[in-house]
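Below is one structure, written out as structure tokens; the observations come after it.
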Amino acid sequence: MAKKSKASSKKKMQNVNFKSVDEFMEFLSGEELHITQVLRNLVFDCIPDVQEKLSYNVPFYKRHRGICFIWPGSILWGKTGHAGVRFGFQQGNKIQDESEYLDRGNRKQIYWRDILSVKEIDAELLRSFLYEALVIDQQIPLKKKKKS
């Protein structure tokens, strides 16, 4: 009996594989697309020099380190998904959130909010979280590039 190679026995964790953020955006539709567009614009407005990069097939935003991400529910992780569009902060545990607007689940560091419609977006509150996340990120020194 032939053994399965590791590659063939490996379970696929996601239902998609995007090559670019544009391809990711083309995949979305309806309210999910609209929410994602509003959140992306909010990130770019608050942090003009932020870098956007796909990771786990969704956009993550960073300067020195990871700041936040946008994860639509149609992009699964394994068999699990969530409703709406998840807007998460990678250093969420350091953000002042007295109103407990952000969900923590059982996570120690990453906090998020699942948004089901554009009307649910509290732009001013998210803007304040983004500015605070930027301050947290600025306290992290830039990594020095190795000389070749």
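Report the full-extension gain for the segment Lys94 to Asp114: residue separation times 0.36 nm, less the Cα-Cα distance, to one decimal in nm.
Length difference between fully extended and current span is 5.3 nm.
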Query raised in the report: List the aspartates and glutamates whose alpha-carbon lies under 16 Å from that of Lys62, not counting same-chain residues fewer than 8 positions away?
Result: Asp45, Asp49, Glu52, Glu132, Asp137
Query - Computed [θ] at 222 nm, helices only, for the chain once each DSSP H run of length n ≥ 4 contributes -39500 (n - 2.57) - result: -9000 deg cm²/dmol
Report summary line: Which residues qualify? For Phe60, with a placed amide H closer than 5 Å and at least 5 residues away or on another chain, they are Lys53, Leu54, Ser55
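What's the FRET efficiency of Arg40 with Leu76 using the Cβ-Cβ distance as r and R₀ = 25 Å, to the nearest 0.05? Each step should come with its number before you reach the end.
Numbers: r = 20 Å, r/R0 = 0.82.
Plugging the Cβ-Cβ distance into 1/(1 + (r/R0)^6) gives 0.75.
Calculate the dipole size of the chain relative to its Cα centre from +1 charges on Lys and Arg beta carbons and -1 charges on Asp and Glu beta carbons; express the result in debye to the nearest 20.
On the way: 26 positive and 18 negative charges, 341 e Å.
Roughly 1640 debye for the chain.
How large, in percent, is the carbon and sulfur part of the accessible surface of the range 80-139 at a probe radius of 1.4 Å? Don't jump to the answer; show the numbers that get you there.
Working: 1560 of 3410 Å².
Carbon with sulfur: 46 percent of the solvent-accessible area.
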Query - Extension gain (nm, one decimal) between His64 and Val135, 0.36 nm per residue minus Cα-Cα - result: 24.5 nm
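I'd like the FRET efficiency for Arg104 and Asn15, computed as 1/(1 + (r/R0)^6) with the beta carbon distance as r and R0 of 35 Å, rounded to 0.05. Intermediate values should be presented prior to the final figure.
On the way: r = 26 Å, r/R0 = 0.75.
FRET efficiency, Arg104 to Asn15: 0.85.
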Query - Top of Pro72, Pro59, Pro48 by mean-square fluctuation, Gaussian network on the chain, Cα under 10 Å - result: Pro48
Report task. Would you indicate which of (i) 27; (ii) 13; (iii) 47 is the value of percent of Cα pairs over 27 Å apart derived from the coordinates of this structure? Result -> (i)
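Using a 1.4 angstrom probe, figure out how much accessible area the chain has per residue, in square angstrom, rounded to the nearest whole. Intermediate results must be reported in sequence, preceding the final value.
On the way: 9840 Å² over 148 residues.
On a per-residue basis, 66 Å².
The values are calculated or read from the model by the stated rules, or taken from the named source; none is laboratory data. On a predicted model such as this, the values are computed, not experimentally measured, just so you know. Note that each Cβ is placed from the backbone with ideal geometry, even for glycine, and that neighbours are counted across all protein chains shown. Remember, those area values only see protein heavy atoms, side chains included, never the ligands or the DNA or RNA. Shrake-Rupley method; radii C 1.70, N 1.55, O 1.52, S 1.80 Å.
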